[in-house]
Amino acid sequence: QVQLVESGGGLVQPGGSLRLSCAFSGSSFSLYGMGWYRQGPGKQRELVATITSGSNTNYADSVKGRFTISRDNAKNTLYLQMNSLKPKDTAVYYCKAYLATRVYWGQGAQVTVSS
């Protein structure tokens with residue numbers, strides 16, 4: 001059974017940075033595709049970024065050039081480096097792991113961008 005635990009969220013001023021981490025417990029982390037999603041107040045959950053088992057990345061247009069997704073297979077950990085944060089980035093950020101028909105979600109981490 002896979003468990004995902006996000007950390008690193010918090011309150012940051014506009015223009016600031018945060019790094020989210022997602023700790024993966026279970027086997028074969030390196031085989032999983034991984035992703036970050038977010039859900040803002042009153043909004044549907046949306047894709048932020050994904051990274052394949054081969055480390056190919058994909059980003060939502062709204063975060064390109066500001067966010068970087070990465071993974072450390074030795075540490076079973078997924079990261080999201082968020083720079084130049086804007087108030088519209090305020091949301092709960094979720095980590096997702098997927099492999100074939102298996103899909104797992106973390107519990108979410110709150111990110112609030114406000115002065």
Quiz prompt | Mean separation of Cα contacts under 8 Å (6+ apart) over length of the chain, as relative contact order % | solution = 37
Quiz item: According to the Kirkwood expression over distinct Cα-Cα pairs, how big is the hydrodynamic radius of the stretch 1-69, in Å?
Solution: 13.7
Practice problem: Starting from the coordinates of the alpha-carbon atoms of the chain, obtain the Kirkwood hydrodynamic radius over all distinct pairs and give the value in Å to one decimal. | Solution: 14.0
Exercise. Determine ³J(HN,Hα), in whole Hz, for all residues of the stretch 70-75 in sequence, where each value follows from phi through the Karplus function 6.51 cos²θ - 1.76 cosθ + 1.60 and θ = phi - 60°; x replaces Gly and Pro.
Key: 8, 9, 10, 5, 5, 9
Practice problem: Can you tell me the dipole magnitude for the chain around its Cα centre, using point charges on the Cβ only (Lys, Arg +1; Asp, Glu -1), in Debye to the nearest 20? | Solution: 120
Quiz item: If r is the Cβ-Cβ distance from A60 to Y98 and R0 is 25 Å, what FRET efficiency results, to the nearest 0.05?
Solution: 0.90
Quiz prompt | Viscosity 1.567 mPa s, 4 °C: Kirkwood-radius Stokes-Einstein D of the stretch 74-115 over Cα pairs, µm²/s | solution = 105
Quiz item: Can you give the FRET efficiency for S27 and Q110, using 1/(1 + (r/R0)^6), R0 = 25 Å, r = Cβ-Cβ distance, to the nearest 0.05?
Solution: 0.30
Practice problem: Determine the sum of side-chain charges near A109: Lys and Arg each +1, Asp and Glu each -1, restricted to other residues whose C-beta is under 12 angstrom from that of A109. | Solution: +1
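All of the numbers you see were taken from the coordinates with simple rules; none came from a lab. The shown structure was predicted, so the numbers you read here are calculated from the model rather than taken from an experiment. Quick reminder, even Gly has a Cβ in these numbers, built from the backbone with ideal geometry, and neighbours come from all protein chains shown.
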